[in-house]
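Worksheet: the structure to be examined is printed underneath.
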Amino acid sequence: MLPKRAGFVLAVCLFLFSFCVSIGFTQSHEQEFALPPLEMGETLLNMGQLEPAQAIFSRLFETQAEDAYVVRGLVKSLAGMNKLEKAREQLEAYLKDHPESSAVLYGMGLIHLMERKTGPAEEFLNKAISIDPANAPALNTLAVSLYERKEYQAAIDRLHQAVEKSPGDLLVYRNLWRTYAAMDKTALFHKEFEQARQENATPRILGYGRAYAGSLRQQGFKEYQAGNLDGAYMKMKTMLEVYRDIKYSSGEVSALFSLGLLEEERGNKSSALDLYRTLLKISPNHIQGRERLQALEQDIKNQ
């Protein structure tokens, strides 16, 4: 059996790994670009694999420096490696020949915000947006700065602009949730989520749904840390329902795995078996799910 109270923590830690298994990703050289390069870099960055992520973003920057998402990945990966100064040098060198680059001006704004230099950060961000009003990462980062100054409505306005320009950017929706939560107005988030569903706007449905599901995961983990297994289970069950509602299979797999581990801890072995079996129907190559299923089946036989 999995050690008491270790299993659910493991589920949280393995969330991104489970996502990568579900899309068939491994970190071999032959499969380095099994995903499009930008998506691969972002996946590695989210996994905390900073060096390979930085290598991808650096290569992309050589030919796609005008892509704000490439710049964002480059700055964040270098910042995670404590090499923010290197990012600054690269961007400043580019700006010497391209002073009106909205993407790179945004990157400079992001660097300054990371350094807690709000004034210069917002100057760069506003300039980037004035050059390219469709620069969604700049709008998002400006919203973060406004959020930190508790100018919540102004932040919401920028985030709505970012959604309009780039409806597939999950980070924008996470910041929308966070800002509405700070305003104690999460009902407005749900209203926008419902409107996206009524309009059958798939990128927005996925954005709102994944952001909301992510908040449920965090709430569930807090319940777990407080020793409330039933409360954690209910949050994760709701998260599963959200993922199913928006038809996001990777999230559904993660939720099923978390629920299976929680049911094991709660002593509900039959339910845990059903959850793992459902998981494996969706993702047959899910290593952890199969291991837990086999271990639990063997445990039941030995009783």
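The values are calculated or read from the model by the stated rules, or taken from the named source; none is laboratory data. Quick caveat, the model's predicted, so the values are computed rather than measured. Note that each Cβ is placed from the backbone with ideal geometry, even for glycine, and that neighbours are counted across all protein chains shown. Remember, those area values only see protein heavy atoms, side chains included, never the ligands or the DNA or RNA. Shrake-Rupley method; radii C 1.70, N 1.55, O 1.52, S 1.80 Å.
Of note:
- Evaluation of Arg59 against the conditions (1) assigned to a loop (DSSP other than H, G, I, E, B); (2) at pLDDT 95 or above; (3) not β-branched (Val, Ile, Thr) shows that the sole unmet condition is (1).
- Filtered residue count, segment 53-75, keeping only those that are surrounded by fewer than 19 Cβ atoms within 10 Å (Cβ to Cβ), of a type outside the set (A, V, I, L, M, F, W, C) and farther than 19 Å from Ala162 by Cα: 5
- Each residue in segment 197-230 was checked for being surrounded by fewer than 17 Cβ atoms within 10 Å (Cβ to Cβ) and closer than 17 Å to Ser271 by Cβ, and 1 pass.
- Checking each residue in segment 101-130 for being of a type in the set (Ser, Thr, Tyr) and touching a residue at least 24 places away in the same chain (Cβ under 8 Å) picks out Ser101, Ser102, Tyr106, Thr118.
- Filter pass, Glu89 being acidic (Asp, Glu), at pLDDT 95 or above, assigned to a helix (DSSP H, G or I) and open to solvent by 10 Å² or more (accessible area, probe 1.4 Å): yes
- Among (1) of a type outside the set (D, E, K, R); (2) open to solvent by 20 Å² or more (accessible area, probe 1.4 Å); (3) touching a Gly at 6+ places or on another chain (Cβ under 9 Å) - the single one Asn268 does not satisfy: (3)
- Verdict on Leu261 being over 25 Å from Leu171 (Cα atoms), in contact (Cβ under 8 Å) with a residue 12 or more places away in the chain and open to solvent by less than 10 Å² (accessible area, probe 1.4 Å): yes
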